[in-house]
Amino acid sequence: MALNVSVQGAETSDRKGRIVLTESVGRGCRHIRVEIESGCCRPDPGQFFLIRERGVFDPLLGRPLAPIASSNNSLDFLFRIVGRGTSHMASLPPGTEVDLRGPCGRGFPGPVKRRLILVSGSLGIAPFLDASARYRDKMEVTVILGVPGNGWEEFAKWCSSRVPGLRITSDDGTLGNRGNAVEEALSVIEPGDEVWGCGPNAMLRELGHLFKIGSGRILVSLESRMACGIGGCLGCSLPTATGMKRVCVDGPVFEWQEIFPNAW
Amino acid sequence: MPGNAGLHAEVGGLSIGSPVIVASGVWPMEPSLWPEKALEGVGALCSKGLTLEPRTGNSGKRICESYSGLLNSIGLQNPGIDHFVKNELIGLQTCDKPVLVNVSFESIRELAAILEKLLPSRSLVGAVELNVSCPNVSRGGMTWGLDPEGLEKAVSFARKIWQGPLWVKLSPQTSSIGEFSRICQDCGAQAVVVANTWLGMAIDNDEEKPFFERIFAGLSGPAIFPLALRAVWEAAGAVDIPVIGCGGITRPEDALSMMLAGASAVEVGTALFHDLSLPAAICSRLSAHIEARSLGSVGEITGRARR
C-alpha cells in the first residue's frame with residue numbers, strides 16, 4: 001500500500017499485529033512490543049501509528065503512539081495510562097491481536113550536521129529513544145528528560161538504561177537536576193545547535209527561549225486527539241502561522257515558529 | 001472487483017460500480033494522501049461539506065470518543081466553493097468514481113451562489129448532496145432540515161438551479177424522517193441520505209463545563225447504527241426515491257442490514273477511521289448474499305426485509 005503521506009518515504013497503511021511483550025515501566029507507564037504480520041518499514045522518529053485492539057469497537061479509535069524502536073517486523077511503543085483507551089491498551093496481554101494504521105505523518109528529519117539537543121517532557125521522550133539510538137553514532141546528540149520528580153524513579157531509570165548520558169531534570173529536585181527540561185537545555189545549548197522537542201505544549205512553547213542564545217532550527221512534535229490519521233476528518237486541525245494544519249499529516253513535527261508565531 | 005458480480009447500481013440518477021459510498025467529511029480531498037487500494041469496493045466518493053466562503057472550522061477541541069461512538073465538532077472546515085472547483089474537484093476525479101459534492105448553506109442566496117459556481121463543472125459532479133443540517137439565518141437559525149417549510153424551499157430552489165442528480169442528506173433530529181423524506185421527493189430530490197450525525201454532547205467534569213465550545217456535537221460510529229437503521233426503515237416506507245443508508249455502519253453485516261431495511265446504497269464514514277478495507281468487505285458480503293439467494297443484482301437486496 002504505497003502512499004506518499006510522509007515526506008520521508010514510509011508508507012501509511014492498515015496493518016495487523018500482535019502484542020508480544022508488555023511491561024510496566026513505572027508511574028502508569030507501559031512499554032509494549034508489537035509484531036507486525038506483514039513486516040514493517042522503519043518509520044522516522046516522530047511518525048506515529050494509530051493502534052487498537054482488533055475487533056473491539058469500544059474504545060473505538062486507535063491511539064496515536066510514536067514508536068520508541070522499530071525492526072523489520074516489530075514496533076515498540078511507550079505510553080501512559082491517561083484514559084479509557086490507554087487503560088484498555090495497558091490491560092492487553094501478550095498474544096492480543098491489534099490493528100495499526102501507519103506510519104502516519106511527517107516525523108523528524110534524518111541526522112543533521114549540527115549538534116542535536118532533544119528536549120522531552122515525561123512520555124515525550126518516546127520518539128527520542130528511537131532518534132538517539134539511530135543517530136548517536138552519526139552525530140553529537142544530547143537527550144534531556146524532564147519529569148515531575150517523586151514517583152518517577154522507575155520510569156527515569158528505564159529511560160536511562162536506553163539512552164547513555166541521558167540528562168534528567170525534575171521539578172522537585174528528587175531526580176537529576178532541579179528544574180525543567182527547557183532550563184536544562186539552556187545550560188547546554190550552544191549557538192547553532194538544532195533542537196527537537198516533544199512533551200506538553202507549555203514546555204514546547206518555552207523552547208522558544210533557546211532562540212535567544214542563537215539556537216538553530218527548533219522542531220516540535222505535537223500531541224493531538226485524532227481519528228482518521230490520514231488527513232480526512234480534520235479532527236486534529238489547528239491554526240498555525242501558515243493557516244489551518246492537520247497534526248496527522250502536516251505534522252506531528254512542525255517548525256516552532258509555525259505553532260507559536262505570537263509567543264515572543 | 002473480481003468476484004463481486006451484480007454490485008453495479010443505478011441510484012438517484014447516478015450509475016455506480018458498487019453501492020458503497022464514502023460519506024462526506026471523512027476522506028482527504030488531496031489524492032496524494034489516499035492510501036493505495038483504500039478505495040477498493042467504493043462506488044462513489046463524497047467531498048467535504050462545502051460552503052460559499054472558506055471556513056476554518058470550530059476552535060477548541062473537535063473530537064471526543066464516547067461509548068462505541070465518536071462526537072465531532074469540526075464546524076465545516078473547508079476551502080470554500082471557488083477553491084474547491086478550481087482545485088479539489090479536479091483532483092478528486094482521480095478516484096475514477098463519481099464524486100458527490102456535499103453543499104452546506106445558511107441562506108437561499110448562499111445556496112444559489114454555490115450551485116451556480118458548480119454548474120460549469122457539472123460533468124465532474126456525480127451528484128449534489130444537500131446538507132440540510134445547517135442553520136437557516138432567515139428563520140432565526142432554525143436548522144433547514146428540521147423545518148418543513150425551510151426544507152421545501154431549499155430543495156425546490158436547488159432543483160430549479162441544479163439539473164444534475166440531486167440528493168438530500170437529512171438530519172436525524174427531525175420529528176418524522178418519513179415526512180421529511182417525502183418533502184424532498186415532492187420537491188424533486190432524486191435520493192435521500194438517511195441520515196447525518198446525531199446531536200449529542202460531552203461534559204468535561206474536571207473543568208465543569210461542556211467539552212465542546214459549541215456545546216453540542218455530532219455523534220457517529222457503531223453506537224448509532226440501530227438508530228440509523230430504524231430511520232432508513234421509516235424513510236424507505238415513505239418514499240419511492242432511493243434511500244441511502246448512513247449511520248454507524250461498521251461491519252459488512254451492517255451494510256447488508258441497511259439494504260434489507262430498504263436502502264439502495266450505503267455511506268460509510270467513521271468505520272474508515274480504523275478499517276480502510278471495509279468497503280471491499282461490504283462488497284464481498286453483498287455478493288455472497290446475492291449468490292446465496294440467487295438474486296440478479298444488488299438492487300434486489302433493497303427492502304427484502306420489508307416483504
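The values are calculated or read from the model by the stated rules, or taken from the named source; none is laboratory data. Note that this is a predicted model, so its numbers are computed, not measured. Because the Cβ atoms are built from the backbone with ideal geometry, glycine has one as well, and the counts that use them run over all protein chains shown.
Starting from residues that are away from chain A (no Cβ under 14 Å) and among the basic types (Lys, Arg), keep the ones in segment B:62-120 and report whichever is farthest from residue B:23 (Cα to Cα).
B:109
Checking residue B:205 against (1) under 16 Å from the mean Cα position of the chain (by Cα); (2) within 26 Å of residue A:57 (Cα to Cα): exactly one of these is not met. Which one?
It is condition (1) that residue B:205 fails.
Of the residues A:263, A:227, A:202, which is among the aliphatic types (A, V, I, L, M), in a loop (DSSP other than H, G, I, E, B) and surrounded by fewer than 16 Cβ atoms within 10 Å (Cβ to Cβ)?
Details: A:227 fails: surrounded by fewer than 16 Cβ atoms within 10 Å (Cβ to Cβ); A:202 fails: in a loop (DSSP other than H, G, I, E, B).
After applying the criteria, what remains is A:263.
Residue B:25 is checked against (1) more than 10 Å from every other protein chain (Cβ to nearest Cβ); (2) surrounded by 22 or more Cβ atoms within 10 Å (Cβ to Cβ) and fails just one. What number does that condition carry?
For residue B:25, the exception is condition (1).
Which one of the conditions (1) at pLDDT 95 or above; (2) of a type in the set (S, T, N, Q); (3) touching a helix residue (DSSP H, G or I) at 6+ places or on another chain (Cβ under 7 Å); (4) closer than 17 Å to residue B:103 by Cβ does residue B:196 fail to meet, given that it meets all the rest?
The one condition residue B:196 does not meet is (3).
Kindly evaluate residue A:149 against the criterion of being touching an Asp or Glu at 6+ places or on another chain (Cβ under 7 Å) and small (Gly, Ala, Ser).
Numbers: touching an Asp or Glu at 6+ places or on another chain (Cβ under 7 Å): yes; small (Gly, Ala, Ser): yes.
For residue A:149, the condition - touching an Asp or Glu at 6+ places or on another chain (Cβ under 7 Å) and small (Gly, Ala, Ser) - is met.
I need the full set of residues from segment B:272-299 which are outside any helix (DSSP H, G or I) and more than 14 Å from every other protein chain (Cβ to nearest Cβ), in order please.
Initial filter on segment B:272-299 (outside any helix (DSSP H, G or I)): B:274-277, B:293-297.
Matches in segment B:272-299: B:293, B:294, B:295, B:296, B:297.
Just to check your reading of the model, which residue among B:223, B:261, B:281, B:238 is in contact with a helix residue (DSSP H, G or I) (Cβ under 8 Å, 6 or more places away or on another chain), touching a residue at least 12 places away in the same chain (Cβ under 8 Å), buried (at least 21 other Cβ atoms within 10 Å of the Cβ) and of a type in the set (Gly, Ala, Ser)?
Values: B:223 fails: in contact with a helix residue (DSSP H, G or I) (Cβ under 8 Å, 6 or more places away or on another chain); B:281 fails: buried (at least 21 other Cβ atoms within 10 Å of the Cβ); B:238 fails: buried (at least 21 other Cβ atoms within 10 Å of the Cβ).
One residue alone meets the criteria, B:261.
Quick test of your reading of the structure: residue B:88 fulfils all but one of (1) touching a strand residue (DSSP E or B) at 6+ places or on another chain (Cβ under 8 Å); (2) closer than 26 Å to residue B:192 by Cα. Name the failing condition by number.
Among (1) touching a strand residue (DSSP E or B) at 6+ places or on another chain (Cβ under 8 Å); (2) closer than 26 Å to residue B:192 by Cα, residue B:88 violates only (1).
Here is a yes/no grid of residues against (1) modelled with pLDDT under 95; (2) more than 20 Å from the chain's Cα centre (by Cα); (3) within 14 Å of chain B (Cβ to nearest Cβ):
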position: A:8; (1), (2), (3): yes, no, no
position: A:18; (1), (2), (3): no, yes, no
position: A:27; (1), (2), (3): yes, no, no
position: A:38; (1), (2), (3): yes, yes, yes
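Just give me the residues in segment A:133-180 being touching a residue at least 60 places away in the same chain (Cβ under 8 Å) and either touching a Pro at 6+ places or on another chain (Cβ under 8 Å) or of a type in the set (Ser, Thr, Tyr) (or both), in sequence order.
A:134
Residues in segment B:121-147 that are of a type outside the set (Lys, Arg), touching a residue at least 12 places away in the same chain (Cβ under 8 Å), farther than 20 Å from residue B:242 by Cα and part of a helix (DSSP H, G or I): how many?
Looking only at that region, the number is 6.
Take the residues in segment B:53-110 that are assigned to a loop (DSSP other than H, G, I, E, B) and within 18 Å of the chain's Cα centre (by Cα), then tell me which one is nearest to residue B:166 (Cα to Cα).
Taking segment B:53-110 as the starting set, the residues that turn out to be assigned to a loop (DSSP other than H, G, I, E, B) are B:53-54, B:56-62, B:67-68, B:73-77, B:79-80, B:96-98, B:105-107.
Imposing the further condition that a residue be within 18 Å of the chain's Cα centre (by Cα) reduces the set to B:73-77, B:97-98, B:105.
Details: B:73: 26, B:74: 25, B:75: 23, B:76: 20, B:77: 23, B:97: 17, B:98: 13, B:105: 15 Å.
Within segment B:53-110, the match that is nearest to residue B:166 (Cα to Cα) is B:98.
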